[in-house]
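One structure is given below, encoded as structure tokens.
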Amino acid sequence: MPGVTRAGGSSLAGFLDRLRAFPFGAAVKGEAEVGRALAARAQVLFILRANGLELAPVLQQVHAAGKLAAVHLDLVDGLSADQGGLRWLVRCGADAAISARGDVVRSARAHGVVAIQRLLVQDEASIDHGLAAIARAEPDIVELLPGVILPHIRDLVVPRLGRPLLAGGFIRTPEDATAVLEAGALAVTTSAEALWT
Amino acid sequence: MDVALPRLLVVRGAAGSWPEPGPGLGILIRDVTLETLTELCAAPPLPLTVDVDQVEGLGSDLAAARFLAGRLGVRSAISRRPGRAALLAEAGILALLRIGALDSTGIERALATSPTGVGTAISPGVALPHLEAGLRSRLPRPLLAYGLIRTRAEVAACFASGADSVAIRIEDLDSQRRKVDTRV
């Protein structure tokens, strides 16, 4: 395991402050995107695609640039979305762990990293089930996908959530982002670089 | 495939009621048991589409697909499982693969597994107008917008974005009938 770094101020309050300051998280899927995000205005990188076994140097770069990193445990290569995979992420220096799995989310909180639970929305039943799972897991933050529909379903989600909300998925334009933020999201996560550069 | 999807599919479960028949109108059945499904299929007033993943007790094999087509007269059906959708098509049913429109990466991955001869049910349907045009054009037809479509504006936006059919809740039907041309 290479040397581990964790950015200063990567508590929940610090994490939220970064997103409030610039409400566009850079969703990155490759090394080149990480490099561009480090040079951009985004304060938090959401790492969706990477070799999870080689993350420590990447996270060191993120922290050296004064930014924070949330890593998607369900999507990165090389790790399983379970307690062992989560412990690895923590040791690598992730500031936040993202998963749709409640047990992983609970463990993330126990390990002192920001816990982000994904709410995957396809129909009303998935909202009900997802909100029930969130109530059980008690994540620090919820990320709704596809985020672009938040203005359409605000009434079904926001009043029942009671915790900070991110929105990701199909948010490509400033108009999309404005509508989502006005609907109640704290920030958007997007791979549209024009929004975070 | 000579079966066409109705323009509007009204979602109902075991406890729902049949809507007043009308042109271009059909029913999408979900959240039922196999027993209830057979009862609903006995004398439906409108064409039926079945979300087979939401039918408790129904198998996912070719025997189940043939039962739907032959014994129940189901003409169109939805599954999120590519293999199951392929079996439905093999049984002569207009099959739609339900694809989660959560982000573009997920759709790309789902498209890679879409069997030939199978259409698409995009969920949540309300996201359809927000997909890039290039991605929308690659969704196998027919295309159903399925999930969380509650307003006239959302229905219209889905049709404008290339949907062949839109699924709505029965409580929203009356307002849709007034505004949407439901003719096939």
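Quote the FRET efficiency, to the nearest 0.05, computed for A:HIS111 versus A:ALA21 with a Förster distance R0 of 22 Å and r equal to the Cβ-Cβ distance.
0.30
Apply the Karplus parameterisation 6.51 cos²θ - 1.76 cosθ + 1.60, with θ equal to phi minus 60°, to every residue of the range A:133-141 and state each ³J(HN,Hα) to the nearest whole Hz, in sequence, with x for glycine and proline.
Once rounded to whole Hz, the list reads 5, 5, 4, 6, 7, 6, x, 6, 9.
Which value, in Å² rounded to 10, gives the accessible area of B:TRP18 with a 1.4 Å probe and all protein chains present?
90 Å²
Could you give the size of the charge dipole of the range B:8-179 about its Cα centre, using +1 on the Cβ of each K and R and -1 on the Cβ of each D and E, expressed in debye and rounded to the nearest 20?
Here the size comes out at about 360 debye.
How much net charge surrounds B:ASP51 when only the other residues with a Cβ under 13 Å from the Cβ of B:ASP51 are counted, with Lys and Arg +1 and Asp and Glu -1?
Once positives and negatives cancel, what remains is +2.
Just how large is the dipole of chain A about the Cα centre, in debye to the nearest 20, putting +1 at every Lys and Arg Cβ and -1 at every Asp and Glu Cβ?
So the dipole magnitude of chain A works out to roughly 520 debye.
Name the residues whose placed amide hydrogens come within less than 5 Å of the amide hydrogen of B:VAL10, ignoring near sequence neighbours (fewer than 5 apart) on the same chain.
Correct list: B:GLY26, B:ILE27, B:LEU28, B:ILE168.
Can you give the helix-only mean residue ellipticity at 222 nm for chain B, where every DSSP H stretch with n ≥ 4 adds -39500 (n - 2.57) and the sum goes over all residues, rounded to the nearest 500 deg cm²/dmol?
-7000 deg cm²/dmol
Using r as the Cβ-Cβ distance of A:ASP82 and B:ALA153, and R0 as 35 Å, what FRET efficiency do you calculate, to the nearest 0.05?
FRET efficiency, A:ASP82 to B:ALA153: 0.25.
Build a GNM of chain A with springs between Cα atoms under 10 Å: which of A:LEU45, A:LEU53, A:LEU186 gets the top mean-square fluctuation?
It is A:LEU53.
Classify chain A from the C-alpha gyration tensor, please: rounded if a/c falls under 1.5, else prolate or oblate depending on whether a/b exceeds b/c.
oblate
Below 8 Å, C-alpha to C-alpha, sequence gap of six or more: please give me the relative contact order for chain B in percent.
21 percent
With a 10 Å cut-off between alpha carbons and a GNM built on chain B, which of B:THR151, B:THR105, B:THR38 moves the most?
B:THR105
Taking each residue of A:138-146 in turn, how many C-beta atoms of other protein chains fall within 10 Å of its C-beta, and what is the average?
Taking the mean over all residues of the peptide, I get 2.
Can you pull out the trypsin sites (Lys or Arg not before Pro) in the range A:20-108 whose DSSP state is coil and whose Cβ has at most 12 other Cβ atoms within 10 Å?
Qualifying residues, ordered by number: A:ARG41.
Taking the Cβ-Cβ separation of B:ASP174 and A:ARG163 as r and a Förster radius of 41 Å, what is the calculated FRET efficiency to the nearest 0.05?
Efficiency at R0 = 41 Å is approximately 0.65.
Compute a Gaussian network model of chain B, connecting alpha carbons closer than 10 Å, and tell me which residue from B:ALA167, B:ALA85, B:ALA42 fluctuates the most.
Most flexible of the set in this elastic network: B:ALA42.
The values are calculated or read from the model by the stated rules, or taken from the named source; none is laboratory data. No experiment lies behind these values; they were computed from the predicted model shown. No Cβ is skipped: glycine too gets one built from the backbone with ideal geometry, and neighbour counts run over all protein chains shown. Each accessible area value is taken on the protein alone, full model and side chains, heavy atoms only, with ligands, DNA and RNA left out. Shrake-Rupley method; radii C 1.70, N 1.55, O 1.52, S 1.80 Å.
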